[in-house]
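Read the structure below first, then the notes.
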């Protein structure tokens, strides 16, 4: 049973002191029959009280406020988690029975939240793809795996071309992106063929296989497979998810499970750095090994035209 030690550091640095920072963190791995968190330490600048609660999707959420003026806010999470191997679906039921089951449950809880299709310009173009149009000839599992394979083989993994605000239309035109982009694209494709699908945030852990995105934050999809349940699909690595992926949270899209987000009063000019350190399967890594902080893009730092309305907006910033 793999045991992973994970350190996830998020640090905001501000040009001038800011105040009244109110934040939400989703850095608490899911606990269920396949994943057990044995230890977690969360250290935040100013040592604020963190209010814990469960959201609608069953994720553990922490919220806190740091009211004092500060030029830096660091959130440092250290966890130890055991991940258990999951039995993959046998796919023995007749395909017509499986598709009928999907039609019967699509508007019931909890699947209704993960079947609604979002609107984007390329939707008709994607629907015409043979991998979409011909899915009825396959079981839901086989169709899901074909879509995963399609994204893996037709889109380039490139960290330099997208960010968290990149749309599906942009990814479709670029034919490139990162795990978050591929997860969002697989979501819309699965929903097109009436398979409920949810976005998963988490980590891919280092292994001899050399998975893309290992040792970092990661994103993938869980598809509802009839008579089996939720199956993790990783289009970035063209695989079914098992015990090398650590799940943080699930939702309809990235906006539901962003690891850290919040608001504050003060200058819009700030830098965001994120670093992740993950052990190998035996947990072997020094607990004090620092996560290398990597600067993240920040569109808020673009210089706005100077007027009173802009200055008002700048005082109330999102991060």
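Rule-based calculations on the coordinates, nothing more; no lab input. Given the structure is predicted, the values throughout are model-derived calculations rather than measurements. Here the Cβ is made from the backbone with ideal geometry for all residues, glycine too, and neighbour counts use every protein chain on show.
Note on residue 84/residue 19: beta-carbon distance plugged into 1/(1 + (r/R0)^6) with R0 of 45 Å gives a FRET efficiency of 0.50. Taking the chain as a Gaussian network, Cα atoms linked when under 10 Å apart, which of 266, 275, 229 shows the biggest mean-square fluctuation? So, out of 266, 275, 229, the one fluctuating most is 229.
Site pair residue 104 and residue 263 shows an inter-label distance of 4.6 nm when each label is modelled 7 Å from Cα along Cα→Cβ. Per-residue ellipticity at 222 nm from helix content only, as computed over the chain with -39500 (n - 2.57) for each DSSP H run of at least four residues, stands at -6000 deg cm²/dmol. Using the Cβ-Cβ distance between residue 136 and residue 157 with R0 = 25 Å, the FRET efficiency computed as 1/(1 + (r/R0)^6) comes to roughly 0.25. Residue ranges 215-224, 18-27 sort as 215-224, 18-27 when ordered by packing (mean number of other C-beta atoms within 10 Å per residue, highest first).
Averaging the Cα positions of each part gives two centres, and for the stretch 153-231 and the stretch 1-53 these lie 23 Å apart. Looking at the chain, the DSSP beta bridges with both ends there are about 95 percent antiparallel. Counting beta carbons within 10 Å around each of 227, 120, 114 and listing the fewest first gives the order 227, 120, 114. Could you identify which residue out of 94, 235, 196 has the top mean-square fluctuation in a GNM of the chain using Cα springs shorter than 10 Å? With Cα springs under 10 Å in the chain, the top fluctuation among 94, 235, 196 is at 94.
Express in nm, to one decimal, how much length is gained between residue 51 and residue 120 on full extension, taking 0.36 nm for each residue of separation and deducting their alpha carbon distance.
21.2 nm
Ordering of 57-63, 6-12 by packing is 6-12, 57-63, highest average first (other Cβ atoms within 10 Å, averaged per residue).
In this rough spin-label picture, where each label sits 7 Å from Cα along the Cβ direction, the residue 32-residue 164 distance is 2.4 nm. Packing around the peptides 70-76, 175-181, taken as the average count of other Cβ atoms within 10 Å per residue, puts them in this order, highest first: 175-181, 70-76.
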